[in-house]
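Taking it in order: structure first as structure tokens, then the write-up.
The values are calculated or read from the model by the stated rules, or taken from the named source; none is laboratory data. As the structure is a prediction and not an experimental result, all values here were calculated from the model. Here the Cβ is made from the backbone with ideal geometry for all residues, glycine too, and neighbour counts use every protein chain on show.
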């Protein structure tokens, strides 16, 4: 769906018709309880509009409130990244359904607040929220690299540690440059994000 912004209205209509014909969900897949473990959760603004990125204060607010939510519902937080139109979280939790329910409440509160600030009552703010259980150490570390590299992938910065709304700098300070480089070599992201359920992960 990252190509949605570049699609014509006709291409969008055809894609939605195809998904409906195949019985695929219009938005996110149903949340499933995979049990305690490590998860990658990502959520995007509707049509990838930069609603989160309306101002640096809003970016800071979104990041802070997400971290407060994780502190309350996650056993450990491994990585995060907030971008102008979506965010990524990598965490460990005992109850992923409880956490995704809290994310839903967060989305509702922020939608109301931001639409009030922007004078856009009734605007759809969020498109979806999808979580994936980490299936292996390789999957986990590739996801870590993917989350930290995301601002570079979307061309917001040239180096991942330069993006202020993520755990990248904290991770680099903790792990050290040599270890971060080793993890990047040993667990490359390749086409991560194009095939979320890649069994190779």
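See the values below:
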{"item": "Evaluation of residue 90 against (1) under 21 Å from residue 58 (Cβ atoms); (2) part of a strand (DSSP E or B) (one fails), failing number", "result": "(1)"}
{"item": "Evaluation of residue 178 against (1) over 20 Å from residue 59 (Cβ atoms); (2) under 14 Å from the mean Cα position of the chain (by Cα) (one fails), failing number", "result": "(2)"}
{"item": "Candidate set: segment 126-159, residues that are in contact with a strand residue (DSSP E or B) (Cβ under 7 Å, 6 or more places away or on another chain) and assigned to a helix (DSSP H, G or I); chosen: the one surrounded by the fewest Cβ atoms within 10 Å (Cβ to Cβ)", "result": "140"}
{"item": "Residue match in segment 66-76 (condition: surrounded by 19 or more Cβ atoms within 10 Å (Cβ to Cβ), assigned to a strand (DSSP E or B), at negative phi and touching a helix residue (DSSP H, G or I) at 6+ places or on another chain (Cβ under 8 Å))", "result": "no"}
{"item": "Flag if residue 115 is farther than 26 Å from residue 157 by Cβ and outside any strand (DSSP E or B)", "result": "yes"}
{"item": "Top-ranked residue in segment 13-53 [being more than 25 Å from residue 97 (Cβ to Cβ), touching a helix residue (DSSP H, G or I) at 6+ places or on another chain (Cβ under 7 Å) and assigned to a helix (DSSP H, G or I); ranked as modelled with the highest pLDDT]", "result": "53"}
{"item": "All positions within segment 165-187 that are touching a residue at least 40 places away in the same chain (Cβ under 8 Å) and surrounded by 14 or more Cβ atoms within 10 Å (Cβ to Cβ)", "result": "165, 166, 167, 168, 171, 183, 187"}
{"item": "Cβ pairs under 8 Å, 6+ apart, first in segment 115-129 and under 14 Å from residue 85 (Cβ atoms), second assigned to a loop (DSSP other than H, G, I, E, B) and modelled with pLDDT of 95 or more", "result": "125/51"}
{"item": "Test result for residue 107, at pLDDT below 95, in contact with a strand residue (DSSP E or B) (Cβ under 8 Å, 6 or more places away or on another chain) and outside any strand (DSSP E or B)", "result": "no"}
{"item": "Condition check for residue 63: in contact with a strand residue (DSSP E or B) (Cβ under 8 Å, 6 or more places away or on another chain), part of a helix (DSSP H, G or I), over 20 Å from residue 161 (Cβ atoms) and touching a residue at least 60 places away in the same chain (Cβ under 8 Å)", "result": "no"}
